[in-house]
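Written out below as structure tokens is the structure these notes cover.
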Amino acid sequence: MYTIQENVRVVISLLKQYGIRHIVVSPGGTNIPITQAVQDDPFFKCYSVVDERSAMYFAIGIYLQTGAIVATSCTSAQATRNYVPGLTEAFYKHAPILAITTSKLECFQYQEYMQAPDQCSLPVDSIKHCYDLPPITDENTRRQVIHNAKEAMLELTHRISGPIQLNIRIIDAQQGKFEDVELPRISPLKRYMAWNSWNDIDLSEKKILVVVGEHRPFDVRQQKALDSFCEHFNVAVYTNHLSNYHGPYSISANLLISSGGWHTLKPDLLITIGGQTGDYSIYNALQSIGDAEHWRVSEDGAYVDTYGHLTRIYECPDYFFFENVDRERLVEHTYFAEWVKLNSMLKYDVELPFSNVYVAQQLHKAIPEHSIMNFAILNSLRSWSYFPLSDSIQGYANVAAFGIDGCNSMLFGESMNTDNLCFIVTGDLAYFYDMNALGIRDLRNNVRVLIINNGGGAEFKIMTGSWKEAPNVEKYISANGHYGSTKGWAENCGFKYLSASNKAEFLQVSSEFVAQSDSPIILEVFTTEENDVLGDKTLIGANKIFSVSDKMKKLLSDVVGEKGVDVIKTLVKK
Ligand SMILES: Cc1ncc(C[n+]2csc(CCOP(=O)(O)OP(=O)(O)O)c2C)c(N)n1
């Protein structure tokens, strides 16, 4: 029997998983769900101490003698406050005490509700961190609770040990209710520091996918470390334009994944390095890696579970990780070969309407070697991610915070200390947002601004899919009709101005745009949002890869119709 409150069951399960046996319990009502779970369970060694001030010092004593993490549990209201003197000692002593406090729901705080003071406001030098666990009401709160509770367990001994508060919100009416359920099974998460030994898993038989998020160009050590890791294991490295990594086993495969190529490419192990990918296609794909593990490698060592499958955190630089994985023999690179095979089947020369994707299709091969490319977020980035760029070209976008507010400014900053051409591909809303940056004195002639002016935010038409049904989408959502052309402002700021409104005009001006020039150049391309949406659909449609089950479904529905498929599904389930 366990409490009907699932957030408590998550904590009890994790206490067991992380081997936290000692628990000092103080009497009370709100913590009944916890007391009930631990008191008769032989896994736990329980101690009863009435006074919470004493209980916390008592817990420190157990830690000093055993060296083990010690948990404490108390009821709501003043009980938590009385932990503070002992917690302050534990904080400065670096004693790993898990103070499990229980409190009323957040909506009752500061409402003169009985026994509901704010319990998550302990002094900064009494705990390393406070984690608050709401009741679990749906998948989102479940994910939040598991995440917070796991992080609390890991944080107790992270870098330097110390006390952690885990505050569990208890619904009054549920505090004395129990049911016959099992504890939830929660996937383990472990953090590895540079000084831990981490070669406990044989990687030689595994299909490994390394995904490189946004990353400055790799330096010699970083490049060598990842190249060498790839040579020794069955690895494919997924990159996009922001990864700035090019190696013998890297593959720029956004179009492949966007077209549904993921089905046959799932790895046994996912390793992620760098920042955010800014790439919704790979993001969506990596949500479904089945039982594969996800290892995140980063100096911050943070518990960042982007894809919901995180099992290990390696707190170190990427090169350090790759250098320190034991390797013995070369394997056949079958996994990379699968990626290459599928990628080579993609069609790039598809007939497209005059659109942002068309412009990317025509221009990507013409970008000079060693150029620097910037992509305003979302639509501009996506359109260009479909097409490969030369390895010598660097790529950047503001995908860390996803603002359209400073794309031009960042490009201009990049252009200051290089003579290579520096491009941005941007939409009209993003461009005009940051148009004052064109007035920055001393902008250089290596700047190239490509504006896809479709008169609004086409992103919201591509992204939502059902935009045609949304009311007033053009007025407020895609915000059409605000700005005209940038010709006047561009010329005023000393830019050479080029424009194109159809394919013929575009092909005529595009070579001048990518050539050397005495002044910075703006090329304003006038497309329509409808064409931008259609361009995207056409390219993806021409490359669509269906999974075996998709194909089966299609075959079935051709034979028995949609309704027949539903009937068969129910029969199969039975
Ligand atoms: C500072 C800021 N405000 C609002 C947004 C939300 N936003 C994301 S994309 C976008 C529209 C961009 O339109 P545009 O630059 O014209 O590109 P398009 O989608 O038409 O290619 C907006 C407003 C944002 N990302 N950043």
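Percent antiparallel among DSSP beta bridges with both residues in the chain, to the nearest 5?
The answer is about 5 percent antiparallel.
Jot down the radius of gyration and Dmax of the stretch 310-455, Cα atoms only, both in angstrom.
Just the Cα atoms of the stretch 310-455 yield Rg and Dmax of 19.0, 58 Å.
Divide by every residue of the chain the summed helix terms, -39500 (n - 2.57) for each DSSP H run of at least 4, and state the resulting mean residue ellipticity at 222 nm, rounded to the nearest 500 deg cm²/dmol.
-10500 deg cm²/dmol
For the stretch 230-358, report the translational diffusion coefficient in µm²/s to the nearest whole number, using Stokes-Einstein at 20 °C, 1.002 mPa s, and a Kirkwood Rh over Cα pairs.
133
Given LYS461/LYS537; LYS207/LYS365; LYS365/LYS503; LYS16/LYS266, which pairs have Cα atoms separated by over 23 Å?
Long pairs (Cα-Cα over 23 Å): LYS207/LYS365; LYS16/LYS266.
Taking the Cβ of ARG221 as the centre, find all other residues whose Cβ is under 15 Å away and add up their charges (Lys, Arg: +1; Asp, Glu: -1).
-3
Just want to confirm a number: the relative contact order over the stretch 80-226, from Cα pairs under 8 angstrom separated by 6+ residues, in percent.
Over the stretch 80-226, the number comes to 28 percent.
Give the percent of DSSP beta bridges with both residues in the stretch 356-540 that are antiparallel, rounded to the nearest 5.
Around 0 percent of the beta bridges assigned by DSSP in the stretch 356-540 are antiparallel ones.
Treat every Asp and Glu Cβ in the chain as -1 and every Lys and Arg Cβ as +1, leave all other atoms uncharged, and give the resulting dipole magnitude about the Cα centre to the nearest 20 debye.
Dipole magnitude for the chain comes out near 920 debye.
Restricted to Cα positions, what overall size does the chain have along the principal axes? Three whole-Å values, descending.
Largest first, the chain extends 84, 63, 58 Å along its Cα principal axes.
Specify the angular offset, from 0 to 90 degrees and rounded to the nearest 10, of the alpha carbon long axis of helix 6-17 from the longest principal axis of the alpha carbons in the chain.
Roughly 80 degrees between the two axes.
What percent does the relative contact order of the stretch 2-183 come to when contacts are Cα pairs within less than 8 Å and at least six residues apart?
Normalised by residue count, the contact order of the stretch 2-183 is 29 percent.
Which Cα, out of LEU269, VAL425, THR66, lies furthest along the positive dipole direction of the chain (beta carbon charges, K/R +1, D/E -1)?
THR66
What is the angle, in °, between the Cα long axis of helix 139-155 and the longest principal axis of the Cα atoms in the chain? Nearest 10 is fine, range 0 to 90.
So the inclination is approximately 70 degrees.
Please report, in cubic angstrom per residue, the volume enclosed by the convex hull of the alpha-carbon atoms of the stretch 488-540.
Expressed per residue, the convex hull around the Cα atoms of the stretch 488-540 is 97 Å³.
Tell me the relative contact order for the chain as a rounded percent, counting alpha carbon contacts under 8 Å between residues six or more apart.
It rounds to 10 percent for the chain.
Largest first and in whole Å, what are the equivalent-ellipsoid semi-axes of the stretch 356-540 based on the Cα gyration tensor, each being the root of 5 times an eigenvalue?
One finds semi-axes of 25, 18, 16 Å for the stretch 356-540.
Could you work out the Kirkwood radius for the stretch 160-285, taking every pair of different alpha carbons, averaging 1/r and inverting it, reported in Å?
18.2
Mind checking Rg over Rh on the stretch 2-183, alpha carbons, Kirkwood formula for Rh?
For the stretch 2-183, the value is 0.93.
Read the figures in this text as sums done on the coordinates, not as results from a lab. The model shown is predicted, which means the values in this text are computed figures rather than measured ones. A quick note on method: Cβ atoms are made from the backbone with ideal geometry, for glycine too, and the neighbour counts reach across all protein chains shown.
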